[in-house]
Amino acid sequence: MTIGEALKRGETELANAGVPEPRLDAELLLSGILGEPRLTLCLNRDQALDDAAGHAYLSRIARRAKREPLQYIEGETEFMGFPFSVTGDVLIPRPDTEILCEAAIERLPRGGRVFDLGTGSGALAVSIAKLRPDADIWAGDLSEKALDVARQNAKKNGANVHFVLGDCLEPVWHLRYDMIVSNPPYISEAERPSLAPELSSEPAMALFDGADGLTFYRRITREAPGCLNPGGTLLFEIGWQQAEPVSALLETYIGTPFRIKDYGGNWRVCGATLRAVSDQGME
Ligand code: GLN
């Protein structure tokens, strides 16, 4: 099988499976196996693939045809320009979440301490650690397997992060932070039937709250004041329909809310700075 034949066959199999960009994915999978850029493949279409590479390629095409995400098949993805290992135990870091990362980096005071609640692959915590070496970075997750992946990613990138196992803020209840960032599970049960098949490969606990999508925003906004320093900031990633309800929660429990859009024009980040106690009324 030549490179050109392999790409044609891969593209056809992926197209038949309804994969949205069959040609691109076939090229990416083959270029990953050969360790060559995509352009090189196109320039060497008549070159024969050896048996081992041909087998590896076709087995990856078969996985992708079952709608397994490309990132799990390759075992790695990029976030904020840094490499991250990903397994089925962690959510695949999304480009949209880079908006949250940038907002955190911008707003974190010098030498500040930050907690990444529900770190998953560690994408947020590790990237903040790399881009803000002055800061003291903590990250927690309820999944021990996710924490293993996050620790591996901190090591891979030479980032210094304190990892803790536990539910939301429970493992750090005795500590105070200048910032809490979180990309919690926020897809509602109502949205489940309309999702891309790829999402069924990702850990359900990282995507769904089993209810209206707001469960974690309610809980975290209520609990965060106990772990924030005066003037500390709570920053969330949100779903495209959640800016209003999450802003209302922030207004009630934290302080005046702000919002940031993603490149698609949807509200993607919502946050607030903890208002001083004297502003909170005398109830
Ligand atoms: N942004 C993800 C998606 O829509 C959801 C991530 C999450 O629930 N935190 O696929």
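What follows is calculated from the coordinates using simple rules that are stated; it is not laboratory data. Predicted model only: the values in this text are computed from it and were never measured. Reconstructed Cβ throughout: ideal geometry from the backbone, glycine too, with neighbour counts over all protein chains shown.
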Where Rh is the Kirkwood radius over the Cα pairs of segment 1-101, the temperature 10 °C and the viscosity 1.306 mPa s, what D in µm²/s does Stokes-Einstein return? 111 µm²/s
HN-Hα J couplings of segment 62-72 from phi, Karplus 6.51/-1.76/1.60, θ = phi - 60°, integer Hz, Gly and Pro as x? 5, 5, 5, 5, 7, 6, 6, x, 3, 5, 5
With Cα coordinates, the longest principal axis of the chain makes an angle with the long axis of helix 144-156, in degrees rounded to 10, of 80 degrees
Residues with amide H under 5 Å from that of GLY232, placed H, sequence gap 5 or more: LEU274
Based on DSSP H runs of at least 4 residues, each adding -39500 (n - 2.57), what is the mean residue ellipticity at 222 nm of the chain after dividing by all its residues, to the nearest 500 deg cm²/dmol? -11500 deg cm²/dmol
What is the extension gain from ASP50 to ASP167, computed as 0.36 nm multiplied by their sequence separation minus the C-alpha to C-alpha distance, in nm to one decimal? 37.2 nm
Unit charges on C-beta of K, R, D, E only; dipole of the chain, Debye: 320 debye
With a Cα-only, solvent-free Debye model of the chain, what are the log10 I(q)/I(0) values at q = 0.13 Å⁻¹? -0.89
Lys pairs in segment 30-167 with Cα under 17 Å (8 or more apart in sequence, or on separate chains) total 4
Which cross-chain or sequence-distant (5 or more) residues have an amide H under 5 Å from the amide H of GLY213, H modelled 1.01 Å from N in plane? GLU189
Sequence order, segment 177-192: Karplus ³J(HN,Hα) from phi using 6.51 cos²θ - 1.76 cosθ + 1.60, θ = phi - 60°, Hz rounded, Gly and Pro as x, gives 10, 7, 7, 10, 10, 7, 10, x, x, 9, 7, 7, 4, 5, 7, 3
Over the Cα atoms of segment 67-126, compute the convex hull volume and normalise it per residue, giving Å³. 85 Å³
Sorted by chain and number, the residues with a modelled amide H under 5 Å from that of HIS162, at a separation of 5 or more or across chains, are ILE137, TRP138, ALA139
Relative to the longest principal axis of the chain, what angle (0 to 90°, nearest 10) does the C-alpha long axis of helix 97-107 take? 40 degrees
